[in-house]
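Novice: The structure is given below, and queries will be raised subsequently.
The values are calculated or read from the model by the stated rules, or taken from the named source; none is laboratory data. The model shown is predicted, which means the values in this text are computed figures rather than measured ones. Counting neighbours? That spans all protein chains shown, and the Cβs are built from the backbone with ideal geometry, glycine included.
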Amino acid sequence: MTLSTLFIAVLMGTVVSYYIGRGRSHSIAKPVGGVRNLATLPSYYATLMSLWALLPALLLVFLWLVMDGSIISGLVRSELPLEAKQLNPDSLGLLMNQIGNLAEGVGTLDALGAEYKPAVDRLIHLNSISATAMPVLVMLVMLIGMILGFRTIKADNNARYAVERVFNAVLFISSSIAVLTTFGIIFSVLFESINFFQKVPFMDFVFGTHWSPQIALRADQVGASGSFGVIPLIVGTLLISLIALTIAVPVGLMSAIYLAEYASRRVRGVIKPALEILAGIPTVVYGFFAALTVAPAIREYGDGLRDWGAENGIGWLATLNVSSESALAAGLVMGIMIIPFVSSLSDDVINAVPQSLRDGSFGLGATKSETIKKVIFPAALPGIVGGVLLAASRAIGETMIVVMAAGLAANLTVNPLEAVTTVTVQIVTLLVGDQEFDSAKTLAAFALGLFLFVITLALNIIALRVVKKYREQYD
Amino acid sequence: MAENSKQTMNDTYETTGIPLLKDSKLSVRNVDVFYGDKQAIFDVNLDIGKNQVISMIGPSGCGKSTFLRCLNRMNDTIDICNVTGEIKLEDQNIYDRSIDVVELRARVGMVFQKPNPFPKSIYENVAYGARIHGLTDNKLELDELVESSLKRCGLWKEVKERLLEPATGLSGGQQQRLCIARAIAVNPEVILMDEPCSALDPIATATVEELIHELSQNFTICIVTHSMQQAARVSQRTAYFHLGKLIEVNDTSVVFTNPKHQLTEEYITGRIG
Ligand SMILES: Nc1ncnc2c1ncn2[C@@H]1O[C@H](COP(=O)(O)OP(=O)(O)O)[C@@H](O)[C@H]1O
Ligand SMILES: [Mg+2]
């Protein structure tokens, strides 16, 4: 019996239990004078009975899947010849893999030696036991569950509370999965970063102005090269984010004001979804748009300017040099990408400004734009700032556009016409391809990740604080 | 438009009492108001005397607020709202094309049901209108204007130490008096008040009523209220609205002691809520 048929069987059993439960509760309702005299509705008894059937069986399947591999390999290991038991963990793991392959019929025993035959046979035997025992046990557990569930159906037993509790638990487990994952990721990043900082001093990382992780590959320089200075990456990240925000904040804000205050219902109905589509375009599409259209256009325009400057003897223009990958191109396109963040959040907060404030201002003879400038905008400002900060953390974390349009060169520059690189882009380049897992180069990616995480977390916390403070003002 | 006027002619009615005056500040003639297709005000004719307090009463939803908002064209801010007829502020039709609503609203101020101070300092709230209309030339004049406006609303003593603190920190009654101060700072001729005390406690209400009484020496005041006692206390004339129609207008004492129209009588004796 495969896992999927087992699942289908369990689900069918659950549905059957539901109907049995419902039938049962109706039949116990008759002698006590109808459903109204039951402690709760038949559907709750039925749900409770089906939960009894489903959950223990599901739990058993889950435990079995998690445990059976390690239990079986533990048993097999005890069958190994003595010298194999004394191997170091790595080679023992390799050996177990080979035995596993043999058990599945891959390869021949010759490579290992005949003394491993009992172990292979044992593995095959245990695997087959496990494969037959699991469905049988699961179905048995389900049957027991059904019987126990069936016995809960009594006129005076309020199944509603039990069902409530089960759903409460299910919801709690779901939400804790997200939380636990987050913590898991944070701790693993933190742990690897600590490893990294044992190889590269923290101060060299944070205050270093030279980023060139490749050098560290040369064995004699590992950890001592000092080429993991994060400053060029930070400057590149900030430069691109700043360009993006310079585009996105005014455009997003003004479109939000237009949508909230001026647009007729019909116009709003067209523009708002259109802006939301902008948010739905995959960033890789923005990326090649930036690399193939915007960056060359900027370069061409810059070259044109330079030639014009040379002809007319304008010295500083004549030396203008636009690289084909530029911070400007990436920033511009990223700016377009985050417009919807700014506009939709600002639209929300502007709409949340009470109508009574608008009335008060109009009533004093203020025009629409005066009202917006002097009352609505200041009132919505904290919320707008929150939106901008969220957009900023989005810009800082953005990778694809920068990889494609801004290049990989870790130049320490604030000239938007030059190629720069960002924290996220370097993380990508550090990890693509085959890497030694414990080299400083690979670990650097974790340190960068941690750095980025701290920055965006701080931004998000500030943003949420600001937004919350604003909410309190009117609620 | 033609269809609309036909509709109102179908149910013509006479306003009981004395709706028209010889000498008036505002004169309203044949005013109909529509929200989309729905008519909210039917053929209202009413004069409002200079430096008088007139109160508008009537069951809720009868169009008191709608009518009041016609008088400073606040209904312009509602897209679907359409006003026809003529409203004159001293011989000028305020719905005339040549009228600038900004200037109109400087002349006809408004105070709302719920105190709505701007989320700015107390000072900036009062200075708001003056800044918009350029009423003062320098900081000194503005300071004086703020002080005098607050004094006229009896708020100066309470707030002079905290002019730069946010207005939202004041109590409800103080906030409403601040809104009145904000309105009179632009020195309007008429002040419209839409249930100005309905969000206030009895003590704050008494203070505001006293203020209305004092202001009536210099301003024409139109007040919507759902409290008949309040109408009786603050106003010289009372207008009774019912389902968008102006049923009866007369001196306040007459309306409350000797109503001529059956609907008015039913309302003030509590048979219509
Ligand atoms: N913005 C609006 N849009 C549509 N209908 C409205 C609007 N404001 C008021 N009305 C309608 O106009 C009528 C009068 O309302 P209103 O003037 O607020 O009454 P009152 O102030 O006397 O309680 C009501 O039937 C109300 O439903
Ligand atoms: Mg009203």
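Novice: It is to be established whether one or more residues within region B:142-156 are over 26 Å from B:VAL102 (Cβ atoms) and part of a helix (DSSP H, G or I).
Specialist: Within region B:142-156, one or more residues are over 26 Å from B:VAL102 (Cβ atoms) and part of a helix (DSSP H, G or I).
Novice: A follow-up question, please. Residue pairs, Cβ under 6 Å, 6 or more apart or interchain, first in region A:70-83 and on the phi < 0 side of the Ramachandran plot and touching a residue at least 12 places away in the same chain (Cβ under 8 Å), second loosely packed, with under 14 Cβ neighbours inside 10 Å and in a helix (DSSP H, G or I). List them.
Specialist: Pairs that qualify, where the first residue is on the phi < 0 side of the Ramachandran plot and touching a residue at least 12 places away in the same chain (Cβ under 8 Å) and the partner is loosely packed, with under 14 Cβ neighbours inside 10 Å and in a helix (DSSP H, G or I), are A:GLU79/A:PRO118; A:PRO81/A:GLU115.
Novice: Additional query: Being buried (at least 21 other Cβ atoms within 10 Å of the Cβ), more than 14 Å from chain B (Cβ to nearest Cβ) and of a type in the set (A, V, I, L, M) narrows it down to one residue among A:LEU332, A:LEU408; which is it?
Specialist: The match here is A:LEU332.
Novice: Please find, among B:LYS120, B:LYS151, B:LYS114, the residue that is within 16 Å of ligand 1 (Cβ to nearest atom) and either at pLDDT below 95 or within 15 Å of B:ALA183 (Cβ to Cβ) (or both).
Specialist: Details: B:LYS120 fails: within 16 Å of ligand 1 (Cβ to nearest atom); B:LYS151 fails: within 16 Å of ligand 1 (Cβ to nearest atom).
So the residue among B:LYS120, B:LYS151, B:LYS114 that is within 16 Å of ligand 1 (Cβ to nearest atom) and either at pLDDT below 95 or within 15 Å of B:ALA183 (Cβ to Cβ) (or both) is B:LYS114.
Novice: Can you pull out the residues in region B:78-94 that are in contact with a strand residue (DSSP E or B) (Cβ under 7 Å, 6 or more places away or on another chain), within 16 Å of ligand 1 (Cβ to nearest atom) and within 14 Å of chain A (Cβ to nearest Cβ)?
Specialist: B:ILE80, B:CYS81
Novice: Every residue in region B:29-63 that is buried (at least 19 other Cβ atoms within 10 Å of the Cβ) and within 23 Å of B:LEU215 (Cα to Cα), please.
Specialist: B:LEU46, B:ASP47, B:ILE48, B:VAL53, B:ILE54, B:SER55, B:MET56, B:ILE57, listed by residue number.
Novice: So which residues in region A:348-373 are at the interface with chain B (Cβ under 7 Å from one of its Cβ atoms), part of a helix (DSSP H, G or I) and surrounded by fewer than 23 Cβ atoms within 10 Å (Cβ to Cβ), if there are any at all?
Specialist: Listed by number, the residues that qualify are A:SER356, A:LEU357, A:ASP359, A:GLU370.
Novice: Would you check if B:VAL186 is within 14 Å of chain A (Cβ to nearest Cβ) and of a type outside the set (Lys, Arg)?
Specialist: Against the criterion (within 14 Å of chain A (Cβ to nearest Cβ) and of a type outside the set (Lys, Arg)), B:VAL186 qualifies.
Novice: Please enumerate the residues belonging to region B:194-249 that are assigned to a loop (DSSP other than H, G, I, E, B) and within 16 Å of ligand 1 (Cβ to nearest atom). Steps first, please.
Specialist: So the first thing to find is which residues in region B:194-249 are assigned to a loop (DSSP other than H, G, I, E, B), and the list is B:195-201, B:216-219, B:225-227, B:235-236, B:243-244.
Those that are assigned to a loop (DSSP other than H, G, I, E, B) and within 16 Å of ligand 1 (Cβ to nearest atom): B:GLU195, B:PRO196, B:CYS197, B:SER198, B:ALA199, B:THR225, B:HIS226, B:SER227, B:LEU243, B:GLY244.
Novice: For B:PHE112, are the conditions met, namely being surrounded by 21 or more Cβ atoms within 10 Å (Cβ to Cβ), under 27 Å from B:THR264 (Cβ atoms) and within 14 Å of another protein chain (Cβ to nearest Cβ)? Don't jump to the end; show me each part of the working.
Specialist: On the way: surrounded by 21 or more Cβ atoms within 10 Å (Cβ to Cβ): yes; under 27 Å from B:THR264 (Cβ atoms): yes; within 14 Å of another protein chain (Cβ to nearest Cβ): yes.
The answer is yes for B:PHE112.
Novice: Consider A:SER128 against the criteria (1) surrounded by fewer than 16 Cβ atoms within 10 Å (Cβ to Cβ); (2) closer than 30 Å to A:SER25 by Cβ: it satisfies all of them except one. Which criterion is unmet?
Specialist: Unmet for A:SER128, out of (1) surrounded by fewer than 16 Cβ atoms within 10 Å (Cβ to Cβ); (2) closer than 30 Å to A:SER25 by Cβ: (2).
Novice: Something else: Within region B:58-77, can you find the residues that are within 12 Å of the chain's Cα centre (by Cα) and more than 9 Å from ligand 1 (Cβ to nearest atom)?
Specialist: Within region B:58-77, B:CYS70, B:LEU71, B:ASN72, B:ARG73, B:MET74 qualify.
Novice: Please verify whether region B:120-129 includes one or more residues that are in a loop (DSSP other than H, G, I, E, B) and within 11 Å of chain A (Cβ to nearest Cβ). Full working, then the answer.
Specialist: Residues of region B:120-129 in a loop (DSSP other than H, G, I, E, B): B:120.
Those left that are additionally within 11 Å of chain A (Cβ to nearest Cβ): B:120.
Yes: one or more hits.
Novice: Is it the case that some residue within region B:33-43 is among the hydroxyl-bearing types (Ser, Thr, Tyr), closer than 24 Å to B:PRO259 by Cα and either assigned to a strand (DSSP E or B) or within 8 Å of ligand 1 (Cβ to nearest atom) (or both)? Explain how you work it out, then say what you get.
Specialist: Step one: list which residues in region B:33-43 are among the hydroxyl-bearing types (Ser, Thr, Tyr), which gives B:35.
Narrowing further to those that are closer than 24 Å to B:PRO259 by Cα: none.
Checked region B:33-43: no residue is among the hydroxyl-bearing types (Ser, Thr, Tyr), closer than 24 Å to B:PRO259 by Cα and either assigned to a strand (DSSP E or B) or within 8 Å of ligand 1 (Cβ to nearest atom) (or both).
Novice: Could you please give the count of residues in region B:103-123 that are farther than 16 Å from B:ALA204 by Cβ and within 15 Å of ligand 2 (Cβ to nearest atom)?
Specialist: Of region B:103-123, the ones farther than 16 Å from B:ALA204 by Cβ are B:103-110, B:118-123.
Narrowing further to those that are within 15 Å of ligand 2 (Cβ to nearest atom): B:110.
Counting residues in region B:103-123 that are farther than 16 Å from B:ALA204 by Cβ and within 15 Å of ligand 2 (Cβ to nearest atom) gives 1.
Novice: Answer yes if at least one residue in region B:2-11 is at pLDDT 95 or above and within 16 Å of ligand 1 (Cβ to nearest atom), and no otherwise. First the steps, then the outcome.
Specialist: Of the residues in region B:2-11, the ones at pLDDT 95 or above are none.
Scanning region B:2-11, I find no residue that is at pLDDT 95 or above and within 16 Å of ligand 1 (Cβ to nearest atom), so the answer is no.
Novice: What are the pairs with Cβ atoms under 9 angstrom where one residue, in region B:35-64, is within 14 Å of chain A (Cβ to nearest Cβ) and the other, located anywhere, is within 16 Å of ligand 2 (Cβ to nearest atom)? Sequence gap at least six, or different chains.
Specialist: Once the first residue is within 14 Å of chain A (Cβ to nearest Cβ) and sits in region B:35-64, its partners that are within 16 Å of ligand 2 (Cβ to nearest atom) give B:GLY36/B:CYS81.
Novice: Kindly indicate the residue of region A:374-387 that is crowded, with 21+ Cβ neighbours inside 10 Å and at pLDDT 90 or above and also nearest to the other protein chains (Cβ to nearest Cβ) among those meeting that condition.
Specialist: Of everything passing the filter in region A:374-387, A:VAL375 is nearest to the other protein chains (Cβ to nearest Cβ).
Novice: Moving to a separate point now. Give me the pairs, please: first residue somewhere in region A:190-205 and over 12 Å from A:LYS441 (Cβ atoms), second residue anywhere and among the β-branched types (Val, Ile, Thr), beta-carbon distance under 7 Å, and either six or more positions apart or on two chains.
Specialist: Listed pairs, sorted by first residue: A:PHE205/A:VAL230.
Novice: Is there a residue being under 25 Å from A:ALA366 (Cβ atoms), more than 16 Å from ligand 1 (Cβ to nearest atom), touching a residue at least 60 places away in the same chain (Cβ under 8 Å) and of a type in the set (Phe, Trp, Tyr) anywhere in region B:156-172?
Specialist: For region B:156-172, residues under 25 Å from A:ALA366 (Cβ atoms), more than 16 Å from ligand 1 (Cβ to nearest atom), touching a residue at least 60 places away in the same chain (Cβ under 8 Å) and of a type in the set (Phe, Trp, Tyr): absent.
Novice: Another one. Evaluate the following for B:CYS70: is it within 16 Å of ligand 2 (Cβ to nearest atom), farther than 21 Å from B:VAL190 by Cα and of a type outside the set (Gly, Ala, Ser)?
Specialist: Criteria not met by B:CYS70.
Novice: Against the conditions (1) more than 9 Å from chain A (Cβ to nearest Cβ); (2) among the basic types (Lys, Arg); (3) surrounded by fewer than 18 Cβ atoms within 10 Å (Cβ to Cβ), where does B:ARG107 fall short? Just the number, please.
Specialist: (1)
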